[in-house]
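Report on the structure given below.
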Amino acid sequence: MRYRRLGRTGLEVSRLGLGTMQWGEAVDEHEAHDQLTAFLDAGGTLVDTAANYSFGASETTLGAVITKNNCRDQIVLASKAGFRSMPDGVRRDASRLSMLRQLDESLERLGTDHLDLWQVHVWDGAVPVEETLATLEHAVRTGRTRYVGISNYAGWQTAHAHTWLASRPDALTLAGTQVEYSLVNRDVETEVVPAVLAFGMGILAWSPLGRGVLTGKYRGGIPADSRGATPGLDRFVAPYLTPECASVVEAVAKAAEGLDVDISHVALAWLRDRPAVAAAIVGARTADQLRQSLASEDVDLPEEIVQALDDVSEAHR
């Protein structure tokens, strides 16, 4: 595994990160242990979770396997806060009260006294952004996290957050932003990527396989055991089960055939080497699926294939 700095900070992360959104639900502790072991064996360091993943069970499961593997010092531990579970569902809450409460709960579940990276999960228009950002300052000042970042912010929101923090007495730097980015969703290239490049931040890309469609599993229809066929999760996949996305998938499959590699390796290699991308965060239900994604580290795309994929996916920019 090769490594990169997250933006212009000193924080080094593996180019592929381990996502744990399904841990505690679709991924039990035994399978999570196997995944983390496979990830570490491959040289991976960045492990990403969030306070609201599986209603906290993701962090509980991750904390248990970190303790079992005795590997806290081997990983870059990242989590997020900003969504709050309510009786009527989940809602945004990036207030100081909620954020710090979630941070302390995360630390307890993870079995650690600090995070390496703490991120605001989502922009909350109901809370003054200065309150949210000052909470990041407080978390660093009190030693509960080493670096801070944001997630799912628009371009102007990213610029505002970075500029406000940088102008403060502590001149705290936003290390990066976590956003959805793939060959079938290049929306961030319009405003977020230019902002990130201008301010020296790094991108952590979630769903780099286009919510699963860039694995090729949906080319012949919707498999019965896939998220696309699972009530509740089907809405997550549906936006990418379109003729336009299918044409991108076919182009990726053609490139993969020519290179004699897995289709997912082409999609991950393309995303991994985009400007400002520090890491692509990959999730899996099994350790074998994860190993398949990690093998993309050995794939480097020829420039002509990169250009061809750029062209065919231009409509998703």
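Quick notes on this structure:
- Positions within the stretch 83-124 being under 21 Å from Lys68 (Cβ atoms) and of a type in the set (Lys, Arg), in sequence order: Arg109
- Looking across the stretch 125-144 at every residue that is β-branched (Val, Ile, Thr) and surrounded by 13 or more Cβ atoms within 10 Å (Cβ to Cβ), the one that is nearest to Ala175 (Cα to Cα) is identified as Val140.
- Filtering the stretch 184-203 to residues that are under 21 Å from Ala308 (Cα atoms) and within 18 Å of the chain's Cα centre (by Cα) leaves Val184, Asn185, Arg186, Asp187, Val188, Glu189, Val193.
- Just one of the listed residues (Glu108, Glu191, Glu180, Glu130) is modelled with pLDDT of 95 or more and out of contact with any Phe, Trp or Tyr (no Cβ under 8 Å at 6 or more places or on another chain), and it is Glu108.
- Applying the set (1) surrounded by fewer than 17 Cβ atoms within 10 Å (Cβ to Cβ); (2) at pLDDT 95 or above; (3) more than 18 Å from Gly283 (Cβ to Cβ) to Glu29 leaves exactly one unmet item: (3).
- Checking the stretch 40-49 against the condition returns a match, with at least one residue being surrounded by fewer than 19 Cβ atoms within 10 Å (Cβ to Cβ), modelled with pLDDT of 95 or more and touching a Cys at 6+ places or on another chain (Cβ under 9 Å).
- Matching residues in the stretch 269-288 - criterion: being closer than 24 Å to Glu25 by Cβ and in contact with a Ser or Thr (Cβ under 9 Å, 6 or more places away or on another chain): Ala279, Ala280, Ile281, Val282, Gly283, Ala284, Ala287
For (1) part of a helix (DSSP H, G or I); (2) within 18 Å of the chain's Cα centre (by Cα), each residue gets a yes or a no:
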position: Ala255; (1), (2): yes, no
position: Ser264; (1), (2): yes, yes
position: Ala269; (1), (2): yes, yes
position: Ala279; (1), (2): no, yes
position: Gln289; (1), (2): yes, yes
position: Ser293; (1), (2): yes, yes
position: Glu297; (1), (2): yes, yes
position: Val306; (1), (2): yes, no
position: Asp310; (1), (2): yes, no
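- Scope the stretch 12-32; condition farther than 15 Å from Ser79 by Cα and in contact with a strand residue (DSSP E or B) (Cβ under 7 Å, 6 or more places away or on another chain); matching residues: Glu12, Ser14, Arg15, Leu16, Ala32
A quick yes/no check of all residues on (1) out of contact with any Phe, Trp or Tyr (no Cβ under 6 Å at 6 or more places or on another chain); (2) at pLDDT 95 or above; (3) surrounded by 19 or more Cβ atoms within 10 Å (Cβ to Cβ):
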position: Leu233; (1), (2), (3): yes, no, no
position: Ala238; (1), (2), (3): yes, no, no
position: Ala256; (1), (2), (3): yes, yes, yes
position: Asp260; (1), (2), (3): yes, yes, no
position: Val266; (1), (2), (3): yes, yes, yes
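- Those strands (runs of 3 or more DSSP E) of the stretch 1-108 in which at least 3 residues are more than 18 Å from the chain's Cα centre (by Cα), considering only elements entirely within it, cover 83-86, 89-92.
The values are calculated or read from the model by the stated rules, or taken from the named source; none is laboratory data. None of the values given here were measured: they were computed from a predicted structure. As a convention, Cβ positions derive from the backbone with ideal geometry for all residues, glycine included, and neighbour counts pool all protein chains shown.
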